[in-house]
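Trainee: Here it is, the structure, as structure tokens.
None of the figures in this text is laboratory data; all of them are computed from the coordinates on show. Everything quoted here is computed from the prediction, not taken from an experiment. When we count neighbours, we look across all protein chains shown, and the Cβ atoms used for this are built from the backbone with ideal geometry, even at glycine.
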Amino acid sequence: MIGQKILDALNNQINEELFSAYLYLSMATYFHGEGWEGMAKWMENQAKEEDEHAMKIYKHIVDRGGRVLLKPIKQPKTEWASPLEAFQDSVKHEEYITSRIHDLVKLSGEEKDYATHIMLHWFVTEQVEEEAQVNEIVQKFERIGDSGNGMLMLDFHLGKRE
Ligand code: OFO
């Protein structure tokens, strides 16, 4: 059976992951509106991954005999000044999620919940990858600067994400 403190913290993290999906879907609709179809597709895929993250925690709670408690998902931002600003926001958001995951790892150690501790290892590794991925895209935007051709090429490249 899962302890109440860990259960509450994991239920909060499900909400964070579902909010991440909402935020990236909101960015996708912004990109569609601006005609950046490749970037929109990239963000739609990102939103799907976030749903999968939420479901990993959901399954862990269910497997441990706990009760998942779904909370309201707050409304994400809907407009950005530029594609660069949207990707910069996703860097900030992933850094925030990393700090939440690290807090959970700390808590699971303090609570001696080793099953949760091990489950969270996957998220620690995933966050390193997620931060690296969006940082790399921001660097590309910065290198491109005002080049229209560069933007088109980057949009095409991002649309190739499976
Ligand atoms: Fe973007 O990794 Fe989950 O939230």
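Trainee: Pick from LEU120, LEU69, LEU18 the residue whose mean-square fluctuation is largest in a GNM of the chain, springs joining Cα atoms under 10 Å.
Mentor: LEU69
Trainee: Right, next: Under a crude label model (7 Å from the Cα following the beta-carbon direction), how far is ALA132 from ILE118 in nanometres?
Mentor: 2.5 nm
Trainee: Once you order the gyration tensor axes a ≥ b ≥ c over the Cα atoms, which shape class does the stretch 118-162 get: rounded for a/c under 1.5, otherwise prolate or oblate by comparing a/b with b/c?
Mentor: Taking the square roots of the gyration eigenvalues as a ≥ b ≥ c, the stretch 118-162 is oblate.
Trainee: Shifting gears a bit: Farthest toward the dipole's positive end in the stretch 4-158, which of THR116, ALA40, ILE101, given Cβ charges of +1 (Lys, Arg) and -1 (Asp, Glu) about the Cα centre?
Mentor: It is THR116, whose Cα lies furthest towards the positive end.
Trainee: Specify whether the C-alpha gyration tensor of the chain places it in the rounded, prolate or oblate class, a ≥ b ≥ c being the square roots of the eigenvalues: rounded for a/c under 1.5, otherwise prolate if a/b is larger than b/c and oblate if not.
Mentor: Since a/c reaches 1.5 and a/b is larger than b/c, the shape of the chain is classed as prolate.
Trainee: Angle between the Cα long axis of helix 148-158 and the longest principal axis of the chain, 0 to 90 degrees, nearest 10?
Mentor: 30 degrees
Trainee: Same structure, new question: If we sort 75-85, 107-117 on the protection proxy, mean other Cβ atoms within 10 Å, highest first, what's the order?
Mentor: By packing density, highest mean first, the sequence is 107-117, 75-85.
Trainee: Place a label point 7 angstrom from the Cα of LYS5 along the Cα-to-Cβ direction, then list the residues of the stretch 79-121 whose backbone nitrogen is under 17 Å away.
Mentor: Hits in the stretch 79-121 for LYS5 at 17 Å: 101-118.
Trainee: Okay, moving on. Mind putting a number on the dipole of the chain about its Cα centre? Charges go on the C-beta only, +1 for Lys and Arg and -1 for Asp and Glu, and I need it in Debye to the nearest 20.
Mentor: 500 debye
Trainee: So how tilted is helix 83-110 from the main axis of the chain? Cα-based, degrees 0 to 90, rounded to 10.
Mentor: The angle comes out at about 10 degrees.
Trainee: What relative contact order, as a whole-number percentage, does the chain give when Cα pairs under 8 Å and 6 or more residues apart are counted?
Mentor: Averaging sequence separation for qualifying contacts and normalising by length gives 31 percent for the chain.
Trainee: Right, another one. Restricting everything to alpha-carbon atoms, can you work out Rg to Rh for the stretch 44-133 with a Kirkwood hydrodynamic radius?
Mentor: Using only Cα positions, Rg/Rh for the stretch 44-133 is 1.01.
Trainee: Report, in degrees rounded to the nearest 10, the 0 to 90 angle that the Cα long axis of helix 4-34 makes with the longest principal axis of the chain.
Mentor: 10 degrees
Trainee: Now, a different point. Taking the Cα centre of the chain as the origin and placing charges on Cβ (Lys, Arg +1; Asp, Glu -1), which of ALA132, SER20, ILE57 is farthest toward the positive end of the dipole?
Mentor: Going by the charge dipole, the pick is ILE57.
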